[in-house]
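Right, one structure below, let's go through it.
Nothing in this text is a laboratory measurement; each read-out follows from the coordinates by a stated rule. Keep in mind it's a predicted model, so treat the numbers as computed, not measured. Backbone-built Cβ (ideal geometry, glycine too); neighbour counts: all protein chains shown.
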């Protein structure tokens, strides 16, 4: 394998450990009172008979001989990759080795699927050293399999028990951590001493609550997208003739779009949660952006940059209703519909067979988007929202609005989508350090036999030495939600709060950003050099925690 | 204006000047013999009566009082922006100030259009300091206007003379530097003492020859794209299920794709010039990539990364022929064609009206590409090649080939296009230093009254202190080419040479890269830190110069 120069240097980077966990011979865990989930206490306590309401685990100074107990630990990396996953493994491995030289670490390949397939590798110090401070999940690969059926739980139990593991770490997002809680419960219920600890990962930033300040990977992904957005903004003020419509990842929540907006000060940023809360229509969104295009034109500014969260269309109430009706229609009249080949006829057929309100919405959509709503369906017959070119959708409705107004305004849209570009970058110094501390905290929790916990680190706005590490029971973050027609326990996704400080800050600035040439150019992530450039957390985190 | 932390630090960066030009009181110019263009000497010497065959200007140690002469200098930034343009201005400005504190610098706004509109600003030290080592051309904006008609030359003469300019710097690509040569000739022919000096800019890297080792902006653009390609490659080996088809800028030449391939070692990289030289068909390209997809599948590697140069389709001989026939057909039978609205009927109409060979090519194209060839036409009625989704085209023909073979291979393509993302990044240390030296060299040439020259710096593979700066007459690089039906003098674009060292190196490695997981992850451009990470030129330059 050939390594780039940066790659070679990153392998040498030494993340700082928070002071209070650095000396494992002077730590123990102080447990708080029994906890409660915010809602659905009854259902959750039924489902998690052995692990519901566990106490919060505070790591404090003290002695605890368990830290040196013999551990055979497994782990999985689950879901979409996020920068820093390898450092979680490095922190976990280094902790295990500090605890007891005989300890073992095994990585199951390609997510939970590796547990079911009993496909694992032993993690050696050589392997760890080759992956320190690097991006990606390629050390063992990732996967999206969930352990759901009774049979799958039994298989997982069999394989984990056969490998004599007494600890498991699940690195993943809300779904994977829910799975970790279910595994913790299952193993406890079946008399296993294997403990399960979760680690909060997702570039989307929606695994966040009063205990989890941020999920790892969010920092690096946002900084990578912001680099590119800044570069495009500088291009916009140089070329002075393009309107760039930039979609950024984030299906469920708009945290990435909001953070990128805070870092780059674009002309406009759509926040899906605001669209939903205000029940904005397609026409209103178009009108709001068209107003800005026209106003800027009056000042000679025939350019701009608009940020769009990937999941937008499902947050526009009328489009959400339309998608629901389309899914129903095309499922029930599949045969009839499939005989129609021309788009105009398909459109007519659809409009005759859905509600009047939805038909109006459908007719108003740009043709290319209407076609995507009809064509790109997932295996369950649903609209494949991630395939919708939301960036073309938004520029399309803005263009239509400008034409409707009869104003003569030059408007040349250019489209971009940033997603895969930011998931596997070399983790920022923040994510490198945060992930290393998360992995090390996971080791402490599992050594001290705490199960059903997720690693939580607070004070992230401060220098890493001052961070406070601990564990919080996963059940505290859960509620019951309908999934495929059944009520299931899940960790609630954190959407952008329109009353929260990051959004409020954006709201207070956006009129100014829309009217001016006030772009900010963050530039590429820097790993060496001044701390103000290299070590800052996200603006979202700073606004939320200060 | 709010500045990011990196932005603030970059303003402080001090590019090193090549030693032999640093002390302006110990330089003079040694002129070589009269020069010749490689071809079309007769036509060019007719067109450039006053400036044809000028000598090469070598900057040597010595005395020349002209260095302190009073200068009123103008400049334009022309064409697509490229990282480092602001440092050309900084180097020029600093040189002018060293020469004579009374010297003046004026920037015409938005390219040559600013000369015609007499729209300029005075460049102050405050303005320069705000733009040092930053990306973009926003200091004065850029534009694509060329000065072509006799009336335009007269207007340019009037405005430049009225402003009492005795020097002009043209920062641009091959077309803009051709324009600089024509202006130098026009002014000389009309008795003006205003000298014209060109600076080689273009991210595409196609303004390159035995005198110009590289154009500025190429380094930063390639490194930005390589960062993203590396991130996507790391995603590919983590997720293990996507084939990424990545189009990179470069309409005329594949230098960017090739450099990005050298930096990242992708699964496959198409080089347009090879396709053209080997007269490859669409089917051959599809077949070559499909072979790799199938071979990798056998090893369990259902993923890969394919790089595609933006201009590919025009280099595939059969597609080039098809586009020519389509342009003719749709120009001559416009009315008849415009009445047909359904695609299947359009397709039939086209196939009846073009040659049999082209009809076969057309029928073989994926529908979305065939549609783009029919729909997206530029104002002259030509196919708008830059609007063709070449990345979808390539994945489409590969998919069709896999289906044709009847093999069962998972193949999930994901598409990307990187262009605007890399034109206005903060210039790499290389581009910052190179551009500063180019601007400073421009000052020396114009102070010493050398016109019709382009700044050339050689030895770029060595530390900046050792670079050798000078001027080369623009006419030496010219030939006559047909443009819009007329023979025009132009600087020859440098395509990728399939016998050149960079391509040969790629060729020697590509079978290995195609079969393995040998990706390289360059990471983001670094501005601080170890020199191996921060200061290296492109692999293309290193291979060509060493």
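Observations on the structure shown:
- From its DSSP helices (H runs of at least four residues, each -39,500 (n - 2.57)), chain B gives a residue-normalised ellipticity at 222 nm of -13500 deg cm²/dmol.
- The value given for the stretch A:160-226 is a Kirkwood hydrodynamic radius of 13.2 Å, derived from the mean inverse Cα-Cα separation.
- Computed across the stretch A:190-273, the Kirkwood hydrodynamic radius from all distinct Cα-Cα pairs reaches 14.7 Å.
- By average C-beta atoms within 10 angstrom, highest first, the peptides A:449-458, A:328-337: A:449-458, A:328-337
- Reciprocal mean inverse distance between Cα atoms of the stretch B:120-183 - Kirkwood radius, Å: 13.7
- Overall dimensions of the stretch B:312-386 as given by Cα atoms, namely Rg and Dmax in Å: 11.2, 31
- Relative packing of B:112-120, A:400-408, A:429-437, which averages over residues the other C-beta atoms within 10 Å, highest first: A:429-437, B:112-120, A:400-408
- DSSP assigns beta bridges within the protein assembly as shown; of those with both partners inside it, close to 40 percent run antiparallel.
- Whole-Å semi-axes of the ellipsoid equivalent to the stretch B:56-147 (Cα gyration tensor, √5λ, descending): 24, 15, 14
- Shielding by partners - mean other protein chain Cβ count within 10 Å, residues of B:128-138: 3
- Share antiparallel - DSSP beta bridges, chain B, percent rounded to 5: 40
- The coefficient of translational diffusion for the stretch B:265-376, derived via Stokes-Einstein from the alpha carbon Kirkwood radius under 37 °C and 0.692 mPa s, stands at 209 µm²/s.
- Calculated from the alpha-carbon coordinates, the stretch B:288-352 shows an Rg and a Dmax of 18.4, 54 Å respectively.
- Cα gyration tensor shape of the stretch B:17-100, rounded if a/c is under 1.5, else prolate or oblate by comparing a/b with b/c: oblate
- Convex hull volume of the stretch B:87-234 per residue (C-alpha atoms, cubic angstrom): 137
- Its alpha carbons considered, the protein assembly as shown gives a radius of gyration followed by a Dmax of 30.9, 99 Å.
- Helix B:501-515 axis versus longest C-alpha principal axis of chain B: approximately 30°, rounded to the nearest ten.
- Three-way shape label, the stretch B:332-467, alpha-carbon gyration tensor, a/c 1.5: prolate
- Cα extents for chain B along the principal axes, largest to smallest and rounded to whole angstrom: 77, 57, 48.
- Based on the Stokes-Einstein relation at 20 °C and a viscosity of 1.002 mPa s, and on the Kirkwood radius from alpha carbon pairs, the stretch B:450-506 is assigned a translational diffusion coefficient of 150 µm²/s.
- Other protein chain C-beta atoms within 10 Å of residue C-beta, averaged over B:512-522: 3.
- Pairwise centroid distance, computed over Cα atoms, of the stretch B:517-537 with the stretch B:239-265, Å: 17
- The stretch B:312-386 - percent relative contact order, Cα under 8 Å, separation 6 or more: 36
- Cα-based equivalent ellipsoid, the stretch B:280-320: semi-axes from gyration tensor eigenvalues, Å: 25, 12, 4
- For the stretch A:189-231 versus the stretch A:286-362, the spacing of their alpha-carbon centroids is 32 Å.
- Projecting the alpha carbon convex hull of the stretch B:392-546 along each direction and taking the average yields 15.0 nm².
- On Cα atoms only, tilt of B:174-189 relative to the major axis of chain B in degrees: 30
- Cα centroid separation, the stretch A:113-138 to the stretch A:466-481: 26 Å.
- Cα-based helix-to-principal-axis angle, A:343-353 vs chain A, degrees rounded to 10: 80
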